[in-house]
Structure formats: C-alpha cells, structure tokens
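The values are calculated or read from the model by the stated rules, or taken from the named source; none is laboratory data. Quick caveat, the model's predicted, so the values are computed rather than measured. Every residue, glycine as well, gets a Cβ built from its backbone with ideal geometry; the counts of neighbours run over all protein chains shown. Each accessible area value is taken on the protein alone, full model and side chains, heavy atoms only, with ligands, DNA and RNA left out. Shrake-Rupley method; radii C 1.70, N 1.55, O 1.52, S 1.80 Å.
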Amino acid sequence: GIVDETRWGRAELAADRVAPAFRERFVRAHARWGQTIEIADVDLATLRMARDEESATAILTVSWYSLDTMDLATTNIRQRWEQVGGNYVLARETIISGDARLLELASPGAPVPVTVPRTEASRARSDG
C-alpha cells in the first residue's frame, strides 16, 4: 500500500494512489523517505469517514529518524482521502504536530520522479 511504498523510498509507486492535483507535491515531500529518512513506525491514530463516504480523514503518527543524525523524531500527519472512480486517493496531507522535517519538499533543482498511473490496458500490454 501507499505507506509501505513511501516507507521504503518508492514514492513514485505510491503516487498511483495520490490525486493528480497533489501528486507532484506528494512525490517531492516523500522523496527523502528511504533515502535520508528512515521510517521506524506508522500508526493510524484515527480514521473518520464522511457521512456520504465520498471522503475520509486519517491521522497518522509517524516515528522516523534522519540518517544524518540518527535522532528519533515523531510527526503527526492529517491526510484527506477522496473517492475517485470507486477508489480512494490521497488528496492532501498536512503536518499537525511534531517534527516538520518529515515532509520537507525536495529542492526545486533536485530530480523528482513523477509517475503517471498505468491503466489496466497498459499493465496488460507490459505484463503480457
């Protein structure tokens, strides 16, 4: 899932589960995960579905450390998920408390992999 993909530095794969309008920012914010940031643990603190089930809000507690300092840090993130075509995609995430360095954007000059989600048809062509 999206947590495992970003945790192990595969933000470009996780981008398939991110709303197109948020995708570039998401990849830039998670570019250091698995590179210079190591995720120790991710806990889902709360999950609230909207009454119409078209969106949901999740609060995650992320324990992590920078490989530069090896100091353990904690960051609480609010994520907004929206239903698109029968699937939920991440539309927004913000830090609500803790160490804000977790989601620092990669510098504009740094290469940022942005993945265009593959359709079922393109998967079938490339897998077959």
Whole number in Å², please: accessible area per residue of region 10-66, 1.4 Å probe, ligands, DNA and RNA not counted. 52
At 1.4 Å probe size, with no ligands or nucleic acids counted, give the accessible surface of GLU24 in Å², nearest ten. 110
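So if I place +1 on the C-beta of Lys and Arg and -1 on the C-beta of Asp and Glu, and nothing else carries charge, what would the dipole magnitude of region 49-89 be about its Cα centre? I want it in debye, nearest 20.
Working: 3 positive and 6 negative charges, 18 e Å.
About 80 debye.
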Assigning unit charges at the beta carbon (Lys, Arg +1; Asp, Glu -1) and nothing else, what dipole magnitude in debye, to the nearest 20, does region 21-68 show about its Cα centre? 200
